[in-house]
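Read through the structure below, which is laid out as structure tokens, and then see the notes.
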Amino acid sequence: MTIEDRRKNTRNNLSIPANVKGPKGVIEAVGKDISIDGVKIETSKPLNPGTTVEVFLDLNDPILLEGLVVWKKKEDRDDESVFVMGIQVYAIIHDDVKAMSFPDKFELFNELMERLGE
């Protein structure tokens, strides 16, 4: 069974500038494959599985994802290493609204994705 087979929610195939705040500070990243339950990030510095993070996505309206690194891998691309990590999202925060349960996360996430399409 692949990771895609185990996903409960559809991922949005986007590439969005992001900043990830972990225990050693903030690192620049790119957020990809975003859903209400997870996001894939690519950075120049690794974060270990089990690390709690805050991911700031630079959308039309910035949003904050609180989550946990669940996997990481290193990819070599054009003479540089990129670390790709899967973040399990347990909260979405936007405009002082913190969505943690499924219905609230789903509603807020869909609203934000619709704004991206405008």
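The values are calculated or read from the model by the stated rules, or taken from the named source; none is laboratory data. Predicted model only: the values in this text are computed from it and were never measured. Counting neighbours? That spans all protein chains shown, and the Cβs are built from the backbone with ideal geometry, glycine included.
Filter the range 19-73 for residues that are among the polar types (S, T, N, Q) and in contact with a helix residue (DSSP H, G or I) (Cβ under 8 Å, 6 or more places away or on another chain) and give the result.
Step one: filter the range 19-73 for residues among the polar types (S, T, N, Q), giving 19, 35, 43-44, 48, 51-52, 60.
The answer is S35, N60.
Considering only residues of the range 17-28 that are more than 14 Å from V89 (Cβ to Cβ) and within 11 Å of the chain's Cα centre (by Cα), which is modelled with the lowest pLDDT?
Looking at residues that are more than 14 Å from V89 (Cβ to Cβ) and within 11 Å of the chain's Cα centre (by Cα), I get P17.
Tell me the residue from I27, I63, I16, I34 that is closer than 12 Å to G86 by Cβ and either surrounded by 18 or more Cβ atoms within 10 Å (Cβ to Cβ) or touching a residue at least 40 places away in the same chain (Cβ under 8 Å) (or both), please.
Working: I27 fails: closer than 12 Å to G86 by Cβ; I63 fails: closer than 12 Å to G86 by Cβ; I16 fails: closer than 12 Å to G86 by Cβ.
Checking each option against the conditions leaves just I34.
Being surrounded by 14 or more Cβ atoms within 10 Å (Cβ to Cβ) and in contact with a Pro (Cβ under 7 Å, 6 or more places away or on another chain) is the filter here, so list the residues in the range 37-58 that pass it.
Once the filter is applied, which keeps residues that are surrounded by 14 or more Cβ atoms within 10 Å (Cβ to Cβ) and in contact with a Pro (Cβ under 7 Å, 6 or more places away or on another chain), the range 37-58 yields T51, F56.
Applying the selection to the range 41-68, what residues are assigned to a strand (DSSP E or B), more than 14 Å from F109 (Cα to Cα) and charged (D, E, K, R)?
Within the range 41-68, E42, E54 meet the criteria.
Within the bounds of the range 69-89, is there any residue that is modelled with pLDDT under 90, surrounded by fewer than 15 Cβ atoms within 10 Å (Cβ to Cβ) and in a loop (DSSP other than H, G, I, E, B)?
Checking the range 69-89: at least one residue is modelled with pLDDT under 90, surrounded by fewer than 15 Cβ atoms within 10 Å (Cβ to Cβ) and in a loop (DSSP other than H, G, I, E, B).
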